[in-house]
1. So, in region 157-173, how many residues would count as being of a type in the set (Gly, Ala, Ser) and farther than 19 Å from Tyr116 by Cα?
2. Out of Ser89, Ser83, Ser37, which single residue is within 14 Å of the chain's Cα centre (by Cα) and either of a type in the set (A, V, I, L, M, F, W, C) or modelled with pLDDT of 95 or more (or both)?
3. Which one of these does Lys126 not meet: (1) outside any loop (DSSP other than H, G, I, E, B); (2) among the charged types (D, E, K, R); (3) crowded, with 19+ Cβ neighbours inside 10 Å?
4. Of all residues in region 132-174, count the ones that are in a strand (DSSP E or B) and not small (Gly, Ala, Ser).
5. Sort out which residues of region 12-56 are of a type in the set (Asp, Glu) and either touching a residue at least 60 places away in the same chain (Cβ under 8 Å) or farther than 22 Å from Ile101 by Cβ (or both), and write them in order of number.
6. In region 132-146, which residues are open to solvent by 10 Å² or more (accessible area, probe 1.4 Å) and of a type in the set (Gly, Ala, Ser)?
Amino acid sequence: RNMKKLTKVVIGKNVNKIGGNAFSGCEKLKNITMSASLQKMGRWCFEKCGELVDINIPGTVSSIGEDAFKDCKKITSVVIPDSVTDIPSWLFYGCTNLAEIEIPPSVKHIGGRAAYGTKWLDEQRKENPFVVINGILIDAQTVSGDVVIPDTVKKVGDSAFHTNRQVTSVVIPN
């Protein structure tokens, strides 16, 4: 944690988990290579790695901890593998240059503010103020007045309306 000169990390084939805070605050970290044996990534494992641009999450990863990439401001794109079913809260919070996130149909839960502060979320909001991914309403921060949740929504996600003071009523259809 907080290794100020670290620029590269290679996770070998015998490693199946990256623990919480393992590389948090490594401000110069630019390159991460993760092996196909990796299954779990702990909370805050790469938080505040300010030079990190590319993330290649192996298809063997099934669990990613909250805040794992929080405040990695240079990340521009990420692909969530099919092996992941849960995107935790705050995963990409503050990743201000993150413009592309590929989320597979395998994802059944998206935690609160998982993509808050990203270019990706800003673009999603422009397309539709109800940001719905895989039937989950993940963001409704820009809706106002009397709102009706779209029929495509099967679950209202954590913090979907958090801090929205412009909504006067909400109807959730059957």
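1. 1
2. Ser89
3. (3)
4. Narrowing region 132-174 to residues in a strand (DSSP E or B): 132-133, 136-139, 145-148, 155-156, 167-171.
Filter once more, keeping what is not small (Gly, Ala, Ser): 132-133, 136-139, 146-148, 155-156, 167-168, 170-171.
Matching residues across region 132-174 total 15.
5. Glu27
6. Those that are open to solvent by 10 Å² or more (accessible area, probe 1.4 Å) and of a type in the set (Gly, Ala, Ser): Gly135, Ser144, Gly145.
The values are calculated or read from the model by the stated rules, or taken from the named source; none is laboratory data. No experiment lies behind these values; they were computed from the predicted model shown. Cβ: placed from backbone, ideal geometry, glycine included. Neighbour counts: every protein chain shown. Note: accessible area is taken over every heavy atom of the protein model, side chains too, but ligands, DNA and RNA are not part of it. Shrake-Rupley method; radii C 1.70, N 1.55, O 1.52, S 1.80 Å.
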